[in-house]
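See below for the structure under consideration.
The values are calculated or read from the model by the stated rules, or taken from the named source; none is laboratory data. Just so we're clear, the structure is a prediction, and the values are computed from it rather than from any experiment. Here Cβ is always computed from backbone atoms with ideal geometry, including for glycine, and neighbour counts include all displayed protein chains. What goes into the accessible areas is simple: the full protein's heavy atoms, side chains included, and nothing from ligands, DNA or RNA. Shrake-Rupley method; radii C 1.70, N 1.55, O 1.52, S 1.80 Å.
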Amino acid sequence: MKSAFPTIPRIPYDGPQSKNPLAFKHYNPEEIVEGKTMKEHLRFSVVYWHTFRNPLSDPFGTGTAIRPWEDGSDSVENAKNRVRVAFEFIEKLGAPFYAFHDRDIAPEGTTLAESHRNLDAVVEVLKEEQQRTEVKLLWGTACLFAHPRFVHGAATSPNADVYAYAAAQVKKALEVTHELGGQGYVFWGGREGYSTLWNTDMKRELKHLARFLHMAVEYKTKIGFPGAFYIEPKPKEPTKHQYDFDAATCLNFLREHDLLNHFKLNLETNHATLAGHTMFHECEVAAAADALGSIDANMGDELLGWDTDQFPSNIYTTTQVMLVLLKSGGFRTGGLNFDAKVRRESFEPMDLFYAHIGGMDAFARGLKIAAAIRADGRISEIIKNRYSSWDSGMGEKIEAGQIGFEELEKYALAQPDPLPHTSGRQELIENIINELL
Ligand code: XLS
Ligand code: NI
Ligand code: NI
């Protein structure tokens, strides 16, 4: 097959001094950080939907993307050809993983059976390309939000036939993810939410969603899919209120419906922003519940209230994410998945390379800085001192659950009024971070 990117070589690591726009300045896959290679830490993944399917349209204008390999049709042939292009791209970039929705990789047919067949045909090519390149599937998922049948949701649709259709689609998507050796499967709540509560039986919809996820778990066990299941929180868009609002809401839902053992979270930076949280916050919430599974690496625009899905370039954010990851032992099945799209103005194929190179370098820097912060030790010393009253005496007893209110009252009555004992040192910490940046 003809190369789609004939002028682009495999992207090399050139080091921080390089001015080559087609080289990594920080992502050096084999470089060891805290005992593991950068490649093992970061587990970069390219998304099929934005990078190979997004025409770069917006509500005011048509797509601008120039993609010379596309023949303009929604045929299986075009889809198969696109797989070869995608893998040439991923291989040249040196990303070890990719991720897809069923309908990104193969066209929807006129019947569900035809959609299944289309999927199978394209999966054959994906398999070949995975073997040829050793690029692996980070996770698969089903698109349960684009077709008009899902206008009121899928697993929370008020219509049982739509629910059944969605289940059939997820069943098939799980099978192909398994067949391709996928390391995970994502449930992002497409249109699971509401536009107005006036017409919505929320309690019933949430019960249906929980049952749907239980059925998915049952089927996962049945086919022996060893990968992880993730829920991806998002507070709004496309619906006014998405049920999987944020990490805490998802964890509560999973716990309430006895699903917590079967799911981790796939956190997305832009979704954190939309929820009014920092990504740092979302990562800490998930990590505290041992549920930090995978990351959709992108970022939003603080001045825009929607999911702009920009490539990550904010070094503070990548540092925070990598700090939490290092602290919690790193990815197991997950990775840094670029759920990001180039701007409508960045329509050339070359821009896809620049975007991913920038995102990978931003996270490689984040990793190096996070490791430097940990090695430096000044910040962890501040945190340690801040909590030192819990390490012995009364604090230790409280943590051990050995005493109650009565003992605490007795203790407090005998003590002088506890004045603020140590400064929070926020400014000093920020100075240290900027010094290590
Ligand atoms: C949309 C979501 C979506 C999921 C996969 O906002 O980020 O792309 O990651 O369905
Ligand atoms: Ni996402
Ligand atoms: Ni998103």
Sticking with the crude label model, points 7 Å out along Cα→Cβ, report the distance from E128 to E77 in nm, one decimal please. 1.5
Which order do the peptides 282-288, 42-48 take when ranked by the mean count of other beta-carbon atoms within 10 Å per residue, highest first? 42-48, 282-288
What aspartates and glutamates could a cross-link reach from K240, if we take a straight Cα to Cα line under 14 Å and drop same-chain neighbours fewer than 8 places away? E192, D307
Calculate the length of the line joining the C-alpha centroid of the range 37-103 to that of the range 161-239, in whole Å. 23
If you find the alpha carbon centre of the range 392-435 and of the range 251-282, how far apart are they in angstrom? 29
Neighbour cut-off at most 13 other Cβ (10 Å), DSSP loop, GluC sites (Glu not before Pro), the range 23-67: E30, E34
Below 8 Å, C-alpha to C-alpha, sequence gap of six or more: please give me the relative contact order for the chain in percent. 15
Which entries in the list K203/K234; K19/K127; K136/K171; K2/K127 go over 31 Å, if you measure between the two C-alpha atoms of each? K19/K127
Obtain the nm distance between the two label points defined at K222 and Q17 by a simple spin-label model: each point lies 7 Å from its Cα along the Cα-to-C-beta direction. 6.2
Spacing of the two label points (7 Å from each Cα toward its C-beta) at K203 and S392, in nm: 5.4
From the Cα gyration tensor of the range 342-437, with a ≥ b ≥ c the square roots of its eigenvalues, which class applies: rounded if a/c is under 1.5, or else prolate if a/b is larger than b/c, or else oblate? prolate
SASA check, T273, accessible area w/ 1.4 Å probe, all protein chains in place, rounded to nearest 10 Å², comes out at 50
Cut-off under 22 Å on the C-alpha distance; same-chain residues fewer than 8 positions from K327 excluded. Which lysines are left, in chain and number order? K36, K39, K264, K368, K384
Quantify, in whole percent, the carbon and sulfur part of the accessible surface of the chain (1.4 Å probe; protein heavy atoms only). 54
Most packed first (mean Cβ within 10 Å per residue), the peptides 255-261, 14-20, 274-280 order as 274-280, 255-261, 14-20
Within the under-15-Å Cβ sphere about E430, not counting E430, Lys/Arg +1 and Asp/Glu -1 give a net charge of -1
Please arrange E114, E345, E396 by accessible surface area, largest first, computed with a 1.4 Å probe and ligands excluded. E345, E396, E114
Checking rank on 55-68, 233-246, 186-199, with mean other Cβ inside 10 Å and highest first, the result is 233-246, 186-199, 55-68
Please calculate how many Å² of accessible area the chain carries per residue, with a 1.4 Å probe and no DNA, RNA or ligand atoms counted. 49
Cα Rg, Dmax, the chain, angstrom units: 23.6, 82
